[in-house]
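Okay, so here's the structure we're looking at.
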Amino acid sequence: MNWLLPPGNSTFAGDIDFIYYVILVITGIAFVIVEFGLLWFVIRYRRRPGRKAYYTHGSMKAEVIWTAIPAVTVVVIGVMSGGVWNQVKGRNAAPADAMVFGLTAKQFEWNATYTGADGRLGTADDFVVRNQLHVPVDQPVLIKLATEDVIHSFFVPNLRVKQDALPGKTIDVWFEATEPGEFEIACAELCGLGHYRMRAFVTVHTADDFARWMAEQTAAAAAGE
Amino acid sequence: MATSAPPIDAVHAGHGHELSFIRKYIFSTDHKIIGVQFLLLSLVGLFLGGMMAMAIRWQLGFPEGSMPLGGIFPETMVSGGVMLPEFYNSLVTMHGTFMVFFAVMPLLVGVFGNYLIPLKIGAEDMAFPRINMWSFWVAVIGTVIMMAGFWVEGGHSQAGWTQYAPLSADPQWTGVATGQQLWLLSIAVLGLSSILGATNYITTVVNLRAPGMTWFRLPLSIWSLFITAILVVLAIPILSGAAIMLFFDQTIGTSFFNATAGGQPILWQHLFWYFGHPEVYILILPAMGMVSEVIANGSRKPIFGYHSMVYAIIAIAFLGWIVWGHHMFQSGMNPTLGMTFMISTMFIAVPSAIKVFNWMGTMWRGNLTLHVPMLNAIAFVAMFVIGGLSGVYMASTPVDIYIHDTYFIVAHIHYVLFGGSLFALFAAITFWYPKMFGRMMSEAWGRVHFALTFVFFNLTFWPMHYLGLQGHMRRIYDPSQYEFLQHLSGTNRFVTISAFLLMVSQVIFAANFILSWFYGKKASENPWNDNGLEWSTPSPPPHGNWPDVPTVYRGPYEFSSPEVEEDFLPQHQKLPGDLEPEAAGRGS
Amino acid sequence: MAHANAAYMDPPAHREIGAGVYNEKLGMWVFLGSEVLFFTALIGSYIILRFGTPEAFAEPGGILNIPVTAVNTFLLICSSVTMVKAFAAVHDGDQKGLKLYLVATVLIGATFVSVQVFEYVQLIHEGFVPSGYVAGSHFAELAAAGELPANVNIYGSSFYTMTGFHGFHVTMGVICMVYVTIKAFQGKYTATDHRGVEVIGLYWHFVDLVWIILFTIVYLV
């Protein structure tokens, strides 16, 4: 058991993990002060016959200190977090050159929509692959996330991506994978009976592999029509 | 003086009369009896919620294994000894529901609100004793409706205690219709009970304080229950309204939360968390208040920074009321709103830190009497800190992207609600048990129970942080479905075994509670040498609490005062220099 | 209130100073506070849904009958006036006036509920229900002809929920008012102690106020 996060394979994973470690250090210090302080007091000031406790109603100075320090600390954490939040989920955070994919959840599967040759969704040459999202490495990817029935949540632990899919809405999610490989997609929002097995895969290809895969699929989809 | 004032309510005309058994113990209007009734009802709720947790843990620890006692369930819940996913989802829903609405909330607010408020402020009873009785019996009706859900066609609700629409709004998504509707009905009924109770608490604290019991002489437990009652009045009606809308979506074809007909699923989340976050503070503020009483008593020292403690309670309640959006960072809500909610959420750390450091300040240079209530109260502080600190991770929006809806949040909520509220309740029950039942609980068994609970609690919930950091989602029936969770099966099994041992340890508490009622050492009027007004009347107090309402001369935490020989100085004890409240310019 | 009576307005002599009002009144204030939040949940949802899908809401008067409801609104306002009169009467020791005005308030309140039931029956008959239009009904035909919105699910949902819960509150108020009236006929209220009359009055004025808001945002806007 450890406090480290599993490897992150997207461009913003490092930023998210960095804030996590900053908070880990800060809360770790507070944890040690309070827990060992309590333990020390229990031992040091345990009851002894004939002794009276020190009679005091408090100290203004102490109150100011332990109000100010947490206040400053949380402002620092808040400001740091705000920057990364905007970068990952802010309005129009997705880079302009992002490649577009569709992803539609339903009980209990993820359907990935590919643009086909024209690079645009909603056209005749779109094709759908069930539970398989194939993307190129080192290329920003914009996913149009939707759902056909209830709320699901698109979660790829290795990419540090999580976003609920809302009925009646299409939500933009973006990421840029930094390493090729196959990563699991999980549903993170209780969505019914099969919630626990609503599993799919993101396959991150090298640029060449992706082009090859895309060409094959496009041809297959065209042949199937 | 007391005899000159007319009775507060006609019910008190029954003073001194012999009441029938039914009026005395069943349909009683005595706040102390109602408190004990709530105690027994919610301890049953706590036990049921705990047993549901055991079934959940069995499934997570041993996903393929045949469940012990699985045979007692019908085939629609446990088939061939193996729990079905639909039953698992029901259990997850009902564990949360029972622990929040039928265990911790009634234990804190129903039990101690009722028992302590009149006794600690020096009132003969609540302002509205009959409404108080109704508040309990309406809660019983709510409990019966909720329990009924287990026996109806299709089983109980499977939508999680948060009941996110549209999963909860249309039977086609979970296959549950009646159970789902009973859930919503029960919550609306329970809401009425809470509002009746809160109305009573607020009126009583404002209008019925004994002479000399000024606002800043109120014990912190009363302050926190008073602020909690205000939160109840502000939060619960929103849940009732939302539950009724969802109920109509289920039954008469409205479409408030149905996107295909123009409704808005996210509206449910806003309404639910607008209630839900104040609810979190409803579940912790009274615990903080009662722990303050016990820590001052156990340290034999005045509360460090009484005024900042009061302001911290008010600040927590206020901030808690405007931060609901932090449950919805990943919900598709406007990201700019996410920023606002993150900042307001972060600031809750400040009053929380003030409280923790003031508790430590109270213990500093004290003369620590480590009786069982004190041990549990110290454990409250130690565990609440962990729950508070783990909250910072979720408040940080980017980190929340990763840990949202994982076991990290499960660990967090249990450190606050079990490590926090429940340890505070163990402290409170053991502390006020002698007053309630006139007998002491066993000190030795109390220590054993404390030690085992403390150890197994941490062994159960500490590893959940790790599970969450590895990405383990919450509310999943079978983690072995995922490649990236395979290496966690050993941790899951360890947590499950710890949880079983934690549950078994509670047998000691149950036995101690029941046996002490009959065989415990007789309690004196003031067994803990405390200062509160409740300790100035026999254990248990008679109907009406005091022959004459006591007069208050000082604050509630005058321990180890240099003015007297003993290390405590009760609020009602008059010293030579003390002025009568009227003479001091207070009172009427 | 300056004319309120000192005999029960002050806290009992052996109490610390409280809110300066007697328990029943303070309790009713707190309860009404929770009622405000309850209606906020319903009305707030209505506003959010209406902004979300403005096309699902009919023009004023398109489906709802404004003249009938306007008369009904006027009746409810009148009942608030009779309530005030009842309170003034008992305060001046006029027992006859108290009984008269309480009976008037009960009757007007009951009339309001009856008119609302009549309105519901009409609307349902013409095909407007909580789930939208009834297939083949008068309103459904109008919608098909383009004279009404194509889909009024949300409109039906919020209209019936809000006005229904308000009607429920009026009904509860009438029941409590009947209880108070019975006690008034038994002579339980005096010029010095008439807490029941004042407390039910607070509730009644609150319900009246909620209706004026509902009438404005549901019928007129």
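The values are calculated or read from the model by the stated rules, or taken from the named source; none is laboratory data. Small disclaimer: the values here were computed from a predicted structure and weren't measured. Cβ coordinates were reconstructed from backbone atoms using ideal geometry, including for glycine residues, and neighbour counts include every protein chain displayed. These area figures cover heavy atoms from the full protein model, side chains too; ligands, DNA and RNA do not enter into them. Shrake-Rupley method; radii C 1.70, N 1.55, O 1.52, S 1.80 Å.
What the table below lists for this structure:
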item	result
Number of the exception - B:Pro237 against (1) part of a helix (DSSP H, G or I); (2) open to solvent by 10 Å² or more (accessible area, probe 1.4 Å); (3) over 30 Å from A:Leu39 (Cα atoms)	(2)
Whichever residue in the stretch A:40-53 is aromatic (Phe, Trp, Tyr) and open to solvent by less than 90 Å² (accessible area, probe 1.4 Å) and, among such residues, is nearest to B:Ser561 (Cα to Cα)	A:Tyr45
Output for the stretch A:149-159, where each listed residue is out of contact with any Phe, Trp or Tyr (no Cβ under 7 Å at 6 or more places or on another chain) and surrounded by fewer than 23 Cβ atoms within 10 Å (Cβ to Cβ)	none
Residues located in the stretch B:336-354, provided they are of a type in the set (A, V, I, L, M, F, W, C), surrounded by fewer than 20 Cβ atoms within 10 Å (Cβ to Cβ) and more than 7 Å from chain A (Cβ to nearest Cβ)	B:Leu337
Selected residue (criterion: least open to solvent (accessible area, probe 1.4 Å)) from residues of the stretch A:109-124 that are part of a loop (DSSP other than H, G, I, E, B) and within 21 Å of A:Asp97 (Cα to Cα)	A:Thr115
Tally, over the stretch C:138-186, of residues that are among the β-branched types (Val, Ile, Thr), in a helix (DSSP H, G or I) and either within 14 Å of chain B (Cβ to nearest Cβ) or farther than 20 Å from B:Ala188 by Cβ (or both)	8
Number of the exception - A:Pro167 against (1) more than 7 Å from chain B (Cβ to nearest Cβ); (2) under 24 Å from B:Pro166 (Cβ atoms); (3) in contact with a helix residue (DSSP H, G or I) (Cβ under 7 Å, 6 or more places away or on another chain)	(1)
Every residue from the stretch A:140-161 that is assigned to a loop (DSSP other than H, G, I, E, B) and facing chain B (nearest Cβ under 9 Å)	A:Asp149, A:Val150, A:Ile151, A:Arg160
Residue list for the stretch C:118-144, restricted to those being among the aliphatic types (A, V, I, L, M) and open to solvent by 70 Å² or more (accessible area, probe 1.4 Å)	C:Val121, C:Ile124, C:Ala135, C:Ala144
Matching entry among A:Gly90, A:Gly78, A:Gly82, A:Gly37 (being touching a helix residue (DSSP H, G or I) at 6+ places or on another chain (Cβ under 8 Å), surrounded by 15 or more Cβ atoms within 10 Å (Cβ to Cβ) and under 23 Å from B:Met360 (Cβ atoms))	A:Gly37
Identity of the residue in the stretch B:158-199, open to solvent by less than 20 Å² (accessible area, probe 1.4 Å), in contact with a Ser or Thr (Cβ under 7 Å, 6 or more places away or on another chain) and within 14 Å of chain C (Cβ to nearest Cβ), that ends up farthest from B:Thr29 (Cα to Cα)	B:Gly191
Any pair with Cβ under 7 angstrom, 6 or more apart, that starts in the stretch A:10-31 at a residue that is facing another protein chain (nearest Cβ under 7 Å) and ends at one that is among the polar types (S, T, N, Q) and not in a helix (DSSP H, G or I)	A:Ile19/B:Ser396; A:Ile23/B:Ser396
A:Lys162 being closer than 27 Å to A:Gly90 by Cβ, within 22 Å of the chain's Cα centre (by Cα) and open to solvent by 30 Å² or more (accessible area, probe 1.4 Å)	no
The stretch B:219-230: number of residues that are buried (at least 24 other Cβ atoms within 10 Å of the Cβ) and either closer than 23 Å to C:Asn151 by Cβ or within 11 Å of chain C (Cβ to nearest Cβ) (or both)	1
Wholly enclosed helices (runs of 4 or more DSSP H) of the stretch B:355-466 bearing at least 1 residues surrounded by fewer than 23 Cβ atoms within 10 Å (Cβ to Cβ) and either more than 14 Å from chain A (Cβ to nearest Cβ) or under 18 Å from the mean Cα position of the chain (by Cα) (or both)	B:372-395, B:407-416, B:423-437
Residue among B:Glu558, B:Glu483, B:Glu534 that alone is exposed (fewer than 15 other Cβ atoms within 10 Å of the Cβ) and among the charged types (D, E, K, R)	B:Glu483
Qualifying residue in the stretch B:322-335 (condition: at positive phi and open to solvent by 10 Å² or more (accessible area, probe 1.4 Å))	yes
Selection from the stretch C:48-77 of residues that are among the aromatic types (Phe, Trp, Tyr) and in contact (Cβ under 8 Å) with a residue 60 or more places away in the chain	C:Phe57
Candidates A:Ala146, A:Ala219, filtered to the one that is under 30 Å from B:Gly262 (Cβ atoms) and open to solvent by 10 Å² or more (accessible area, probe 1.4 Å)	A:Ala146
The stretch B:239-258 residues that are more than 9 Å from chain C (Cβ to nearest Cβ), paired with ones that are open to solvent by less than 20 Å² (accessible area, probe 1.4 Å) and among the acidic types (Asp, Glu) (beta carbon under 9 Å, 6 or more apart)	B:Phe257/B:Asp249
Answer residue from the stretch A:190-216, given it is among the small types (Gly, Ala, Ser) and part of a loop (DSSP other than H, G, I, E, B) and is surrounded by the most Cβ atoms within 10 Å (Cβ to Cβ) among those	A:Gly192
Qualifying positions in the stretch B:504-523 - open to solvent by 40 Å² or more (accessible area, probe 1.4 Å) and touching a Lys or Arg at 6+ places or on another chain (Cβ under 9 Å)	B:Trp517, B:Phe518, B:Tyr519, B:Lys521, B:Lys522
Residues that are of a type in the set (Val, Ile, Thr) and touching a strand residue (DSSP E or B) at 6+ places or on another chain (Cβ under 7 Å), drawn from the stretch C:116-172	C:Val152
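Residues are listed down the side, and each one gets a yes or a no for (1) open to solvent by 20 Å² or more (accessible area, probe 1.4 Å); (2) away from every other protein chain (no Cβ under 14 Å); (3) in a helix (DSSP H, G or I); (4) not polar (S, T, N, Q):
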| residue | (1), (2), (3), (4) |
| --- | --- |
| C:Ala19 | yes, no, no, yes |
| C:Ala41 | no, no, yes, yes |
| C:Ile47 | yes, no, yes, yes |
| C:Ala70 | yes, yes, yes, yes |
| C:Phe74 | yes, yes, yes, yes |
| C:Cys78 | yes, yes, yes, yes |
| C:Met83 | no, yes, yes, yes |
| C:Gln116 | no, yes, yes, no |
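Residue-wise test of (1) touching a helix residue (DSSP H, G or I) at 6+ places or on another chain (Cβ under 9 Å); (2) among the aliphatic types (A, V, I, L, M).
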position: A:Leu142; (1), (2): no, yes
position: A:Lys162; (1), (2): yes, no
position: A:Val173; (1), (2): yes, yes
position: A:Phe183; (1), (2): yes, no
